[in-house]
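Read the structure below first, then the notes.
The values are calculated or read from the model by the stated rules, or taken from the named source; none is laboratory data. Computed from a predicted model, the values in this text were never measured in an experiment. Please note: Cβ atoms are built from the backbone with ideal geometry, for glycine as well, and neighbour counts cover all protein chains shown. Calculation scope for accessible area: heavy atoms of the full protein, side chains included, ligands and nucleic acids excluded. Shrake-Rupley method; radii C 1.70, N 1.55, O 1.52, S 1.80 Å.
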Amino acid sequence: MASDTIPAACIIGWPVEHSRSPLIHNYWLKFYGIAGEYRREAVPPEQFADFIKKLGARGYVGANVTVPHKEEALALSRPDDRARTVGAANTLWLDDGVLCSTNTDVEGFLDNLDACAPHWDSNLRNAVVLGAGGAASAIVYGLVARGIPRIVVVNRTPRRAEALRRRFGERVQPARWEERNTLFIDAGLVVNATTLGMEQQPALTLEVGRLPAHAVVVDLVYVPLITPLVRTAKAAGLRTVDGLGMLLHQAVRGFALWFGKKPDVTAELRAVVEADIAGVSNKSAE
Ligand code: NAP
């Protein structure tokens, strides 16, 4: 149970030990001198509904939600348009006793691209998104919101890419996984929203040499920080954006909602989280 006297928030997941959210939020609490707490809560699926119904009684003003609870969090809260359209909620807060939710992966993705690859969307006519899960849905939401006219969604399981077309409309064009290397001719943005490239997972192999020279390649995977995709795209001279910046930017709104201060994503914060990721990667390599 969290303290009654200072605001507390948490990350709810199953498992949740791997989450960097406590590192990020506790860094900001200390940096801004705010009396608050941010904790991990390992909650199995069968206990999730009860846990968030009693969030306030447990002393929490809000929470982040991660795998596997994002869809249930949406169903059990009052979502904003963004969370409802994406189909998943990752940030909860209590507003006058009402449990509200949003999806901050959208702004995490866009704000990070704006910061790391300025003007990425100027004259962008064609984007390719690999993957059609929860993260891909948030990315497509963001690309539609920025007015990108054509978003090709390539997924191993075709029906999930087709579901994104039904959700977001005709700008989304589903494509088959086997076709992925033939879709690049005029793609100005390529986003890996699959789990390929994560530690313990196979690499995502793409023929990035087929991309136009101005293309930006984004990997949402951040463990390891330099994925095989980022490495080969960099070697090909393309602009690359890794997944850590998105993780940091998506945390901003929750912190502001719970603790009343919009925090900055700084190089120092990034270095703190990078060091943590490097520590884990080194351990698993031993
Ligand atoms: P998800 O809902 O489980 O979706 C996983 C996606 O990966 C699906 O499209 C799946 O295809 C695809 N996939 C898995 N194994 C594959 C394989 N062997 N070959 C081809 N495709 C494969 O997961 P998610 O929540 O969307 O997360 C996706 C990635 O984004 C993860 O790496 C996650 O860590 C990352 N992420 C990063 C951030 C950030 O802040 N940087 C935020 C959210 C997510 P099928 O549909 O065919 O199964």
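Worth pointing out:
- For region 97-114, the count of residues that are within 9 Å of the ligand (Cβ to nearest atom), in a loop (DSSP other than H, G, I, E, B), open to solvent by less than 50 Å² (accessible area, probe 1.4 Å) and more than 29 Å from Gly56 (Cβ to Cβ) is zero.
- Selection status of Arg166, of a type outside the set (A, V, I, L, M) and either within 26 Å of Ala117 (Cα to Cα) or touching a helix residue (DSSP H, G or I) at 6+ places or on another chain (Cβ under 8 Å) (or both): no
- Any hit, region 142-161, residues being within 12 Å of the ligand (Cβ to nearest atom) and assigned to a loop (DSSP other than H, G, I, E, B): yes
- Among the residues listed as Val208, Val241, the single one being out of contact with any strand residue (DSSP E or B) (no Cβ under 6 Å at 6 or more places or on another chain), open to solvent by less than 20 Å² (accessible area, probe 1.4 Å) and either away from the ligand (no atom under 12 Å from the Cβ) or touching a residue at least 24 places away in the same chain (Cβ under 8 Å) (or both): Val208
- Within region 115-156, being open to solvent by 10 Å² or more (accessible area, probe 1.4 Å) and on the phi > 0 side of the Ramachandran plot holds for His119, Asn123, Gly147.
- Selection count, region 23-57, where residues are more than 20 Å from Ser101 (Cβ to Cβ) and without any contact (Cβ under 8 Å) to a residue 24 or more places away in the chain: 4
- Annotation: Ala83 fulfils all but one of (1) within 25 Å of Asp264 (Cβ to Cβ); (2) touching a residue at least 24 places away in the same chain (Cβ under 8 Å); the unmet one is (2).
- Selection from region 245-280 of residues that are in contact with a Ser or Thr (Cβ under 8 Å, 6 or more places away or on another chain) and open to solvent by 60 Å² or more (accessible area, probe 1.4 Å): Arg253, Leu257
- Output for region 22-43, where each listed residue is in a helix (DSSP H, G or I) and over 13 Å from Glu268 (Cβ atoms): Pro22, His25, Asn26, Leu29
- Of the residues making up region 214-232, just one is open to solvent by 50 Å² or more (accessible area, probe 1.4 Å) and within 9 Å of the ligand (Cβ to nearest atom), namely Tyr222.
- Residue in region 201-212 that is in contact with an Asp or Glu (Cβ under 8 Å, 6 or more places away or on another chain) and at positive phi present: no
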